[in-house]
Amino acid sequence: MQLHTQLDYLRAEHKEMLTMALDLTAAFSLAQGKDVRTRSSGVARLRSHEAQLPGIIEHCHSVRRLLETPFRSYLETEEVDALNEDHSRLERFVSDFQRELEFASVDRTSDVVTSGHALVEALRAHSSLEETILQRVEETNEPSGETLAQYVQ
């Protein structure tokens, strides 16, 4: 896959994650509503995102695989470490949210909302981190000397 295609693919994933984050944020307000009907609507809206959560985990795995390709030659070691650490962190937030969502009900929404807020912040921070790295890769479009040396040896 060409570099430009990889960058476009990752940016599309970021857009999906940020769109999900926006909708989750709206659902939190409903899930914390004063009446049962509003909270029920909020919980249902949160649950509507269950199918997207494995996609976030797959994103983390696919970027790890991408970092094992020549794409890595565009990154410094610190950037690779930061991405790997951030993906592990993001996976933990997804798992926590999934666990809380499983037990959420109209009478029990505070834990899923708290966990969800943490996930939303992690999604935003992750997308920002990756976008910063992608911009740098796009601007340089040349492998870093340090990492390139690893592939030459």
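So which of D81, D111, D96 is in a helix (DSSP H, G or I), surrounded by 17 or more Cβ atoms within 10 Å (Cβ to Cβ) and out of contact with any Cys (no Cβ under 7 Å at 6 or more places or on another chain)?
Values: D81 fails: surrounded by 17 or more Cβ atoms within 10 Å (Cβ to Cβ); D111 fails: surrounded by 17 or more Cβ atoms within 10 Å (Cβ to Cβ).
Selected residue: D96, the only one of D81, D111, D96 that is in a helix (DSSP H, G or I), surrounded by 17 or more Cβ atoms within 10 Å (Cβ to Cβ) and out of contact with any Cys (no Cβ under 7 Å at 6 or more places or on another chain).
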Condition met for H49 (touching a Cys at 6+ places or on another chain (Cβ under 6 Å), open to solvent by less than 20 Å² (accessible area, probe 1.4 Å) and either within 23 Å of A12 (Cα to Cα) or at pLDDT below 95 (or both)) | no
Scanning segment 53-77 for residues that are modelled with pLDDT of 90 or more, under 26 Å from H4 (Cβ atoms) and either not in a helix (DSSP H, G or I) or not small (G, A, S) (or both) gives I56, I57, E58, H59, C60, H61
Might you let me know whether segment 17-35 holds any residue that is open to solvent by 70 Å² or more (accessible area, probe 1.4 Å), under 18 Å from S128 (Cα atoms), in a helix (DSSP H, G or I) and out of contact with any helix residue (DSSP H, G or I) (no Cβ under 7 Å at 6 or more places or on another chain)?
-> yes
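The values are calculated or read from the model by the stated rules, or taken from the named source; none is laboratory data. As the structure is a computational prediction, the values presented were derived from the model and not from experiment. A quick note on method: Cβ atoms are made from the backbone with ideal geometry, for glycine too, and the neighbour counts reach across all protein chains shown. To get the accessible areas, we keep the full protein, side chains included, count just its heavy atoms, and leave off ligands, DNA and RNA. Shrake-Rupley method; radii C 1.70, N 1.55, O 1.52, S 1.80 Å.
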